[in-house]
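Asks: Below you will find the structure I want to go over with you.
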Amino acid sequence: MNDTTLANLGHEARRFAPPADLAANANLTAAAYEEAAADRLAFWHRQAERLTWQTPWHQVLDWSNPPFAKWFVGGRLNAAYNCVDRHVEAGAGEKVAFHWVGEPEGDTRDITYVQLLEEVCQAANALTELGVRAGDRVAIYMPMIPETVVAMLACARLGAPHTVVFGGFSADALASRVLDCGARVIITADGGYRRGAPSALKPAVDEAVAKTEAEQPGLVEHVLVVRRTGQDVSRSDKDVWWHDLVAGQPTTHTCEAFDAEHPLYVMYTSGTTGKPKGILHTTGGYLTAAAYTHWGVFDLKPETDVYWCTADVGWVTGHSYLVYGPLANQTTSVLYEGTPDFPHRGRWWEIVQDYKVTILYTAPTAIRTFMKWGDEIPAKFDLSSLRLLGSVGEPINPEAYVWYRETIGGGETPVVDTWWQTETGAIMISPLPGVTNAKPGSAMIPIPGVAADVVNDEGTSVPDGSGGYLVLKEPWPSMLRTLWGDDERFVETYWSRWKGMYFAGDGAKKDEDGDLWVLGRVDDVMNVSGHRLSTTEIESALVSHHKVAEAAVVGVSDDTTGQAVCAYVILRSAAGDGGPDIVKELRDHVAKEIGAIAKPRQIMIVPELPKTRSGKIMRRLLRDVAENRAVGDVSTLADSTVMNLISAGQSSAT
Ligand code: 6R9
């Protein structure tokens with residue numbers, strides 16, 4: 001990958017040093033890198049001591065049968081106890097665990113740790129009454145309401161692995177996950193609020209249950225339903241209302257400690273084939289890494305911080321950085337049910353102002369959307385409480401990074417660009433806010449305890465200034481243990497490319513300083529006339545143009561060049577329709593930023609981009625449009641009508 005494209009990316013002159021007071025009081029200092037390098041397992045041993053164990057482990061890591069790892073061997077603990085009970089026992093019961101903000105204005109609730117404990121105990125007792133035992137799987141299909149967190153923790157308390165399915169997924173997606181992991185119970189709600197209106201969930205559950213009944217009769221025994229919106233729901237003999245069953249239960253429950261390797265949850269994520277992969281996380285190692293990274297990367301001060309992770313619990317960020325990490329660290333968090341634009345486009349900033357949020361963790365796609373809406377919206381609110389900003393999910397373009405830092409962070413707030421995956425369970429590569437001189441666009445270096453590298457096709461580490469594939473070279477506590485029910489696919493997908501290395505599926509570059517730039521999935525790397533071009537790099541170039549809010553680039557097949565670059569661009573509101581020469585202007589701009597080779601063959605100005613609910617652009621669908629194919633499966637899109645808008649624009653343009 002020694003080509004011009006890779007050489008180009010990473011020439012970022014800007015550096016942002018940590019604010020002096022943050023550096024002086026930082027949770028993680030430069031010494032942590034040395035300690036972890038000196039003895040990695042001893043380092044992780046100390047991180048595991050953040051948790052309360054009923055029985056201590058006798059071995060930090062058993063790697064005798066790679067890639068099947070066992071961490072904290074012999075240790076026993078309960079994840080829910082670590083997230084809730086122990087804080088109440090330590091006298092922090094009255095502390096707020098969640099400032100819950102419903103989408104309808106004024107619909108809020110503060111939940112203290114003692115209230116959370118009581119509700120988790122009630123839910124655990126209720127699930128026990130429904131026959132749920134340790135090892136049984138429970139599916140959770142919910143909006144962003146307190147009961148969702150309660151349900152997850154109740155499952156963890158019983159040792160019943162949960163599988164949270166994003167509330168926007170289709171009935172089919174829910175059914176296939178329920179079948180794959182064999183869930184006996186589904187916890188859901190009548191609906192949730194979205195853009196001012198109740199959005200039903202229960203009909204999709206009914207449909208999913210009908211499907212599972214057809215394939216595996218009797219698999220799903222009960223459906224536990226929270227009343228959130230009060231919409232009419234159809235009732236079957238499997239259905240039980242949460243308020244009927246849970247509310248009357250005792251508010252105490254004695255929990256059992258489970259083996260460190262007891263399954264905590266299964267989270268499905270899409271792979272390169274159509275069948276989603278059930279990523280399995282276990283208890284001790286996962287919780288250790290979630291707690292350690294949340295404390296270290298976000299410099300969490302539990303006494304004073306108000307932390308807000310905007311991710312939905314339906315994806316891994318919601319698991320590690322909305323539920324398990326923050327609660328293990330006794331954090332006060334915001335939990336918001338709705339969308340950023342209801343009832344107005346300043347809703348998030350109003351929440352930051354009202355709750356004096358100090359740490360905000362969100363995704364580049366949201367940041368670029370706010371950029372598009374204009375600086376005057378956040379300017380109306382007092383955001384001075386913010387002291388740290390985080391980004392996850394995609395490469396963050398330098399322009400978006402700087403906008404985030406300046407416009408949301410007031411120019412002084414560090415941004416941590418955190419690289420990790422469902423599979424890694426916790427942050428692997430990130431600046432440390434009290435240590436790193438961060439470069440916009442780079443996730444910088446692996447955090448202490450993690451061994452990441454960039455290798456070439458042969459699996460050899462590349463020198464600084466070159467690109468290749470991102471790998472993890474040592475096991476880590478929150479690593480996926482396998483794919484649910486499919487050890488073979490686990491080995492094949494992640495561990496068979498190079499011996500002893502975890503293949504992340506991302507392309508990356510080491511710049512001249514050895515800092516890492518994640519270029520996106522290797523399947524998003526294009527090959528134009530024998531040159532490798534990164535979709536991310538061209539997107540960044542487009543977004544750096546003053547008229548552009550957001551861009552998605554795909555490689556489409558081309559008879560002459562192998563692949564050609566096709567770009568979809570959303571303009572900023574202030575740019576209007578961009579003017580008559582907008583396409584030429586943008587092509588020239590890319591040529592100027594990267595080189596003529598990167599000039600998009602085609603640029604489409606579009607009103608929206610197709611995104612998954614976790615904010616990832618679905619380039620596959622854009623390729624379908626660009627190659628004049630019927631648009632493929634849109635079931636994982638946040639808004640499936642977006643493709644109609646884009647396809648309509650395409651046919652009128654050609
Ligand atoms: C946490 C999460 C994982 C994929 C990953 C990569 C992309 C995530 C990133 C990033 C560049 C970052 N990704 N964080 N790319 N910079 N800071 O997103 O998990 O949904 O499994 O996605 O997301 O491509 O491989 P998941």
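Asks: Subtracting the Cα-Cα distance from 0.36 nm times the residue separation, let me have the gained length for E213 to E34 in nm, one decimal. Display every interim value, and only then the final one.
Replies: Numbers: separation 179, 0.36 × 179 = 64.44 nm, distance 5.53 nm.
Length gained between E213 and E34: 58.9 nm.
Asks: Then there's this: Ratio to report: Rg/Rh of the chain, with Cα atoms as the point set and Rh obtained by the Kirkwood method; give two decimals.
Replies: 0.95
Asks: In addition: Can you order the peptides 620-629, 203-212, 245-254, 419-428 by their average number of other Cβ atoms within 10 Å per residue, highest first?
Replies: 419-428, 203-212, 620-629, 245-254
Asks: Still on this structure, I have one more. Across the range 279-391, how large is the tail of the calculated P(r) beyond 16 Å, expressed as a percent of all Cα pairs? Don't skip to the answer; put the middle values down first.
Replies: Values: 3796 of 6328 pairs.
Result: 60 percent of Cα pairs exceed 16 Å.
Asks: Which residue, chosen from G514, M267, G468, occupies the Cα position most advanced towards the positive end of the dipole of the chain, where the dipole is computed from +1 (Lys, Arg) and -1 (Asp, Glu) charges on Cβ about the Cα centre?
Replies: Ranked along the dipole, the leading option is G468.
Asks: While we're looking at this one, here's another question. Can you tell me the FRET efficiency between E221 and K592 if r is taken as the Cβ-Cβ distance and R0 is 60 Å, rounded to the nearest 0.05?
Replies: FRET efficiency, E221 to K592: 0.45.
Asks: Oh, and also: Name the residue farthest towards the positive end of the dipole of the chain from the options P378, A26, A151, assuming +1 on Cβ of Lys and Arg, -1 on Cβ of Asp and Glu, about the Cα centre.
Replies: Checking the options against the dipole of the chain, the answer is P378.
Asks: Suppose only helical runs count, i.e. DSSP H with n ≥ 4. What mean residue ellipticity at 222 nm does that imply for the chain under -39500 (n - 2.57) per run, divided by all residues and rounded to the nearest 500 deg cm²/dmol?
Replies: Value at 222 nm, helices only, nearest 500: -7500 deg cm²/dmol.
Asks: Rounded to two decimal places and with Rh computed the Kirkwood way over Cα pairs, what is Rg over Rh for the range 481-584?
Replies: Taking Rh as the inverse mean 1/r over Cα pairs, Rg/Rh reads 1.11.
Asks: Now for a different question. Could you check how much of the accessible area of the chain is carbon and sulfur, as a whole percent, using a 1.4 Å probe?
Replies: Accessible surface attributable to carbon and sulfur in the chain totals 49 percent.
Asks: Continuing with this model, one more query. Using the heavy atoms of the protein chains alone and a 1.4 angstrom probe, what is the accessible area of the chain per residue in square angstrom?
Replies: 36 Å²
Asks: Only loop residues by DSSP count here, and only those with at most 11 other Cβ atoms within 10 Å; note down the trypsin sites (Lys or Arg not before Pro) in the range 121-159 that meet that.
Replies: For trypsin sites (Lys or Arg not before Pro) across the range 121-159 that sit outside H, G, I, E and B with at most 11 neighbouring Cβ atoms in 10 Å, the list reads R133.
The values are calculated or read from the model by the stated rules, or taken from the named source; none is laboratory data. Since the model is a prediction, treat every value here as computed from it, not as a measurement. Cβ: placed from backbone, ideal geometry, glycine included. Neighbour counts: every protein chain shown. To get the accessible areas, we keep the full protein, side chains included, count just its heavy atoms, and leave off ligands, DNA and RNA. Shrake-Rupley method; radii C 1.70, N 1.55, O 1.52, S 1.80 Å.
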